[in-house]
Every structure is written in structure tokens, then in C-alpha cells.
Amino acid sequence: MKSNKNTLKVFAYSYLIFLYAPVLLLPIFAFNDSTIISFPLNSFTFKWFAGLTQETYLQESLKNSLFVAISTSILSTCLGILASRASARYEFFGKKSILSFLILPLFLPEIIIGVALLVVLMQLGLPLSLWTVILGHTLVCTPFSIAILNSAFANMDMSLEEASLDLGETRFGTFKRVIFPMVSPGLIASLLIGFTISLDEFIIAFFLTGTETTLPVYIWGQLRFPAKLPGVMALGFLMLLLSLILLLLAEFFRRRMNRTTDDQVNVQFGNLFKHDKKT
């Protein structure tokens, strides 16, 4: 029994090393004062990071990526709200089948999605632009939003919504004062996850982008030039660091979403009664 446990530990550590060892090379060579990506390392330097601020094409790609990521996170979260709300609140024919169809992009290779969307757009005669990238990213990110928000709406006590309506509150007021505060951690987690996925996504952006490129496509283009590799390492390290921070924040809000306490319920009822007295 003990030997099996040790074997599992060795396998787990080996898997982690195999998975994350290449990632650890990013910070190592990002601070290395050499254009050659090899050992032994030269002196420590920040010049590759400073050089990123002088790249005009990089700055344009950054603006494009931020626009795409923000738009994608908002659109996918809005679609996730509609799907999750309908799933948690109403019973209708084929609900499970429809939800399974909505999360299908989670299990499809991104290259299949990218090629399929490219063919459809070409047949429709639509030009490739940042909006086509947003379309593809929204298709990929929406299932993640549904997975997060479905849990948020499913864990919400429906009696609070019914109590609000019984007290004379409108549906919009109920959503604003009761539903939104309770699912807001899930909304933030969905926005952060959608933003992170869109910011780092390459395959769909590669197929659907036009003349305006995103950061991952920019990095791919720079890999053809050996002299640009240290700068690519520095940029990759910054994107990795940002992604880790955003994912940790998303996980924090997701855990917070699952910790609905009696105090939160009492606060919602208190707000309802205060509003009822005012009206």
C-alpha cells in the first residue's frame, strides 16, 4: 500500500515537472542578457522588457487584444446569464439537450471551430476583422460562462425572488436588489475567465483575424526572427503572469459565490423590507 502511494507521488511530481518545466523557461530567458536561447546564462537584465515599450506594432496588437478580450467577456457573460437563468428558473422541453448543445464548443478542437467559422464567413462574403475574432472567442467562452453562472443561479434561493415579488417589487427591481448581489461573484468570475481565455487564445484569432492582429498572433509572427526571441520571452512572461493573476481572482470569486451564508440572506430581506417601507 505504501509503495503504491509513493508511486503515485512520483507520477504526480513527474507530470507537474513535464507540464510546467517549459513554462519556467520564460522568466529564465526573459531576464537573460543574450539573444541566444541557451545555457549557460549571461548577466541579468531588464532591457528586453524596456524594448517592448518601443514596439509600435506590439502596442497596436495590445490594444486589439484588449478590445477583443473585453468585448468577448461581456458578450459571453451576457449570453451565459440568459442561458443559466433560463436553466435554473424554468422547466421546458429539451432543456438538458439544449444545454448540452450550448457547451459543445468545450469539447471541440479550436482548429475545427476556427476553420468552420472561416468557411462560413467566406461563404457569406463577410470581411475578416476584430469582430470576427470576437465572434469566434464568444463561441468558445460562452460555455465557460454558462458553467460558472449555472452554478450561481442554481445555488440561489428562489424564495428570495418570490418574496421580493410578493412585496410588490418589479422584476427589474428584484433582479437589481436580490438576484444581482447574490450572483455578482459568479458574474465577476465569468468576466475574468472570458477575458483571460480571449486574451491568450491563438488558433481562432489566427484564422479569423484580418489586418489587425492580436497579441498571440503577433508573438507567432515574431518567432520567425531569432533576434526577436528574447523580446518574445519577455512578452510571454508578462502574459503568463497576467493570466495567473486573473485566474486566481476568478477562482477567488467562484469560491466566494459558493459561500452564500445566512447573513447574506438576511441582508437581502432587510433591503427588501426597507424598500417596501419607502414605497
> So for Asp200, Asp166, Asp33, fewest C-beta neighbours within 10 Å to most, what's the order?
Replying inline: Asp166, Asp33, Asp200
> When the chain is treated as a GNM, springs tying every alpha-carbon pair under 10 Å, which of Ile219, Ile193, Ile179 comes out with the largest mean-square fluctuation?
Replying inline: Ile179
>> Based only on other Cβ atoms within 10 Å, what is the fewest-to-most ordering of Cys78, Cys141?
In response: Cys78, Cys141
>> Could you tell me how far the Cα centroid of region 193-253 sits from the Cα centroid of region 28-79, in Å?
In response: 7
> Which of the helices in the chain, when you take each full DSSP H run, stretch at least 18 Å along the axis at their Cα atoms and have an average Kyte-Doolittle score of 0.0 or higher?
Replying inline: 2-30, 56-89, 110-124, 130-154, 180-200, 229-257
> What order do you get for Thr170, Thr35 when you list them from fewest to most C-beta neighbours inside 10 Å?
Replying inline: Thr170, Thr35
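Which order, highest average first, do 10-20, 142-152 follow once you tally other Cβ atoms within 10 Å for each residue and take the mean per peptide? Could you put the intermediate results ahead of the total?
Numbers: 10-20: 9.7, 142-152: 22.9.
Put in order of decreasing packing, that is 142-152, 10-20.
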>> Report the number of Lys pairs in the chain whose alpha-carbons are under 25 Å apart, with separation of 8 or more residues or on distinct chains.
In response: 6
> Most mobile of Gly186, Gly194, Gly51 per a Gaussian network model of the chain (Cα springs, under 10 Å)?
Replying inline: Gly51
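Mean residue ellipticity at 222 nm from the helices of the chain, using -39,500 (n - 2.57) per DSSP H segment of n ≥ 4 over the full residue count, to the nearest 500 deg cm²/dmol?
Working: 13 runs with 211 residues, N = 279.
Per the formula, -25000 deg cm²/dmol.
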> Going toward the positive end of the dipole of region 55-278, with +1 on Lys and Arg Cβ and -1 on Asp and Glu Cβ, which of Thr174, Phe144, Leu117 do you reach last?
Replying inline: Thr174
> In region 55-278, with Lys and Arg counted as +1 and Asp and Glu as -1 at Cβ, which of these residues, Leu79, Gly186, Phe101, has the Cα nearest the positive end of the dipole, that is, farthest along it?
Replying inline: Gly186
> GNM on the chain, C-alpha springs below 10 Å: top fluctuator among Ser243, Ser43, Ser164?
Replying inline: Ser43
> About its Cα centre, what dipole magnitude does region 55-278 give when the only charges are +1 on Lys and Arg Cβ and -1 on Asp and Glu Cβ, stated in debye to the nearest 20?
Replying inline: 200
> What nm distance separates the two modelled labels at Ser159 and Phe107, each placed 7 Å from Cα along Cα→Cβ?
Replying inline: 3.7
> Using 0.36 nm per residue, how much length does the chain from Ser43 to Tyr90 gain when fully extended, once their Cα-Cα distance is taken away?
Replying inline: 10.6 nm
> Label points 7 Å out from Cα along the Cβ direction at Thr53 and Leu238: separation in nm?
Replying inline: 1.0
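Each reported figure results from applying straightforward, stated rules to the coordinates on display, with no laboratory input. Nothing here was measured: the structure is a model prediction, and the numbers come from that model. Ideal geometry is used to build each Cβ from the backbone, glycine not excepted, and the neighbour counts take in all protein chains shown.
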